[in-house]
Amino acid sequence: MLSVRPKVNELVFQLYGRTLHPELFEICASRSIERGDYRADVTITSAGHLVTWRRDGLTLCEIATSAAQPLPQKRRLLSHRLSGERSDRMECRGGTTYQTCFQLESVAPEVFWTFQQELCAEGIKHGLFHRFESGGRLALGAISWLNIETRTKSLLVQAFHTFPDDLAIVKSQTLFEAP
């Protein structure tokens, strides 16, 4: 499925203590993971990504999406506009920790296109990968790549989303860790 991505200045990064229904999003690629005593669903959406992590009755749901996307207020734990660089850490019930850092980086055209080519080469080999349609102004569309590392007690998700019209790259790294 090919789809067009929203503008980078419309993005938000949020964390919920609940599941967000997948039908709220245009899903481009998805993978389910079960390891140790946790389960995770990792999804590339038309605007970014959705990661839902579950363990012993605890649910954490991270979303990078458009600010225009109607999402519930109930049990929203974090909400940040995607701009600059930011890190957060949260201690959850049962000793589970959630750590994330994300950044929005505007780069020179030659850096952007080199990075996009490298993501294509790496994404095709492993991880979760999606190429979007061109937004019209440029011949090449955006790319999303999620690199997923699982351990018995942790899940690490590195996300890379490109925005060709803005020559911008959104990078995030999130660790869900059981005690």
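Miscellaneous remarks
- Note on the chain: percent of Cα-Cα distances in each 10 Å bin, starting at 0 and stopping at the bin with the largest distance, equals 9, 40, 36, 13, 1.
- Whole-Hz Karplus values for the range 155-172 come out as 10, 10, 10, 9, 10, 10, 10, 9, 9, x, 4, 9, 6, 10, 10, 9, 10, 9 Hz, taken residue by residue from phi with 6.51 cos²θ - 1.76 cosθ + 1.60 and θ = phi - 60°; glycine and proline positions read x.
- Note on Leu58 and Thr114: the extension gain reaches 16.2 nm, defined as 0.36 nm multiplied by sequence separation minus the Cα-Cα distance.
- When shorter helices are ignored and each DSSP H run of at least 4 residues is given -39500 (n - 2.57), the per-residue value for the chain at 222 nm works out to -3000 deg cm²/dmol.
- Averaging the sequence gap over all C-alpha pairs within less than 8 Å and six or more residues apart, then dividing by the number of residues, gives the chain a relative contact order of 23 percent.
- Residues whose amide H comes within less than 5 Å of that of Cys28, counting only those at least five positions distant or on another chain, are Ile44, Thr45, Ser46 (H built at 1.01 Å from N in the peptide plane).
- With contacts taken as Cα pairs under 8 Å and at least 6 residues apart, the range 84-135 reaches a relative contact order of 24 percent.
- Distance between the modelled labels on Thr19 and Ile124, one decimal in nanometres: 3.6 nm (7 Å Cα→Cβ projection).
- Phi-derived couplings, Karplus 6.51 cos²θ - 1.76 cosθ + 1.60 at θ = phi - 60°, listed residue by residue for the range 30-37: 8, 8, 9, 10, 10, 8, x, 10 Hz, with x used for Gly and Pro.
- Sites Glu26 and Gln103 - FRET efficiency at Förster radius 25 Å, r taken between beta-carbons, to 0.05: 0.55
- Sorting the segments 161-171, 144-154 by their mean number of nearby beta carbons within 10 angstrom, highest to lowest, gives 161-171, 144-154.
- Mean Cα-pair separation over length for the range 23-101, i.e. relative contact order, pairs under 8 Å, 6 or more apart, %: 16 percent
- The GNM of the chain, with springs linking C-alpha atoms under 10 angstrom apart, assigns the highest mean-square fluctuation among Arg81, Arg18, Arg93 to Arg93.
- For Lys7, the aspartates and glutamates whose Cα comes closer than 19 Å to its Cα, not counting residues fewer than 8 places off in the same chain, are Glu26, Glu85, Glu105, Glu133, Asp165, Asp166.
- Mean-square fluctuations from a GNM of the chain, with a 10 angstrom spring cutoff on Cα atoms, peak among Glu85, Glu23, Glu110 at Glu23.
- Label-to-label distance for Glu34 and Glu149 is 2.5 nm, based on points extended 7 Å past Cα in the beta-carbon direction.
- Rounded to whole Hz, the Karplus (6.51, -1.76, 1.60) HN-Hα couplings of the range 120-133, x for glycine and proline: 4, 4, 6, x, 5, 6, 7, x, 10, 9, 8, 10, 9, 5
Read-outs throughout are calculated quantities, based only on the coordinates presented, and are distinct from any laboratory measurement. Predicted, not measured: the structure shown is a model, and the values here were computed from it. We place every Cβ from the backbone using ideal geometry, glycine too, and count neighbours over all the protein chains shown.
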